[in-house]
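Colleague: My questions all concern the structure below.
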Amino acid sequence: VDAFSKAVVVEPKFAIAWYNLGRIERSLNHFDQAKTYLDRAIELQSDLTKAYFERALLFKQIGENEKALSDYNTIIKMKGDTYMEAFSNRGLTKKAIGDYGGALADLNQAIEEFPQNAELFKNRGNLQFLFGLHRKAIDDYTQ
């Protein structure tokens, strides 16, 4: 915290330092401060997808799922460095709000683009299981 706080004093437009401050504050459950820092990072560097991702995690953590979905949508549109994780997390967020069809669609698309990712198959298997599609769940778990 001290190092990044000094960095933003020395260079107030250093988006990565603001992003890292936001990550640290979120990990400490200082949500308001984390959001302020992440907003600043995004304001300074609008293509910093990992800042959107961190802010989406924060929103999800505090129950603001619609805002989390909005940030995941932004990342997916930009195809940023957290693209696959955004698909997976958007699907899990949709599941959390009861949009099981949307969650399944996201996981299907993510698997199509990243067919070697075991976590995506596990997440889709869990969703298939909730739908009562046990054979499909087993197939996903096996994959």
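The values are calculated or read from the model by the stated rules, or taken from the named source; none is laboratory data. Owing to the predicted nature of the structure, the values given are computational and were not obtained by experimental measurement. Quick reminder, even Gly has a Cβ in these numbers, built from the backbone with ideal geometry, and neighbours come from all protein chains shown. Note: areas computed on protein heavy atoms with side chains; ligands, DNA, RNA excluded. Shrake-Rupley method; radii C 1.70, N 1.55, O 1.52, S 1.80 Å.
Colleague: Please give the helix 49-61 orientation as an angle from the longest Cα principal axis of the chain, in degrees from 0 to 90, rounded to the nearest 10.
Modeller: Rounded to the nearest ten degrees, it is 70.
Colleague: Could you sort the peptides 93-101, 19-27 by per-residue average Cβ neighbour count (10 Å cutoff), highest mean leading?
Modeller: Sorting 93-101, 19-27 by mean packing, highest first, produces 19-27, 93-101.
Colleague: Continuing with this model, one more query. Could you sort 110-120, 71-81 so that the peptide with the highest average Cβ count within 10 Å comes first and the rest follow in order?
Modeller: 71-81, 110-120
Colleague: Going by alpha carbons, how many degrees (0 to 90, nearest 10) lie between the helix axis of 100-113 and the longest principal axis of the chain?
Modeller: 80
Colleague: How many times 2.2 N^0.38 Å is the alpha carbon radius of gyration of region 1-81?
Modeller: For region 1-81, the normalised Cα radius of gyration comes out at 1.03.
Colleague: Still on this model: Enumerate the lysines that residue 35 could reach by cross-link, defined here as Cα to Cα under 16 Å, with residues fewer than 8 away along the same chain left out.
Modeller: Filter leaves 50, 60, 67.
Colleague: Per DSSP helix of 4 or more residues, -39500 (n - 2.57); summed, then divided by the residues of the chain. What does that give at 222 nm, rounded to the nearest 500? Don't skip to the end; give the middle numbers.
Modeller: Values: 9 runs with 113 residues, N = 143.
It lands at -25000 deg cm²/dmol.
Colleague: Could you look at the chain and say what percent of its accessible area is carbon and sulfur, using a 1.4 Å probe and all protein chains?
Modeller: After summing per-atom areas, the C and S share lands at 51 percent.
Colleague: Right, here's the next one. Measuring with a 1.4 Å probe in the full set of protein chains, what accessible area per residue, in whole Å², belongs to the chain?
Modeller: With the other protein chains kept in place, the chain gives 55 Å² per residue.
Colleague: Among (i) 11, 44, 37, 8, 0; (ii) 13, 36, 28, 16, 6, 1; (iii) 11, 34, 33, 18, 4, 0, which is the computed P(r) over Cα pairs in 10 Å bins from 0, in percent?
Modeller: (ii)
Colleague: Which whole-Hz couplings ³J(HN,Hα) result when phi for each residue of region 79-87 is put into the Karplus expression 6.51 cos²θ - 1.76 cosθ + 1.60, θ = phi - 60°, listed in order with x for Gly and Pro?
Modeller: 6, x, 5, 10, 4, 5, 5, 5, 4
Colleague: Now for a separate question. From the phi of every residue in region 31-45, what ³J(HN,Hα) in whole Hz does the Karplus formula 6.51 cos²θ - 1.76 cosθ + 1.60 yield, where θ is phi - 60° and glycine or proline is x?
Modeller: These are the phi-based 3J(HN,Hα) values: 5, 4, 5, 4, 4, 4, 5, 5, 4, 5, 4, 5, 4, 6, 9 Hz.
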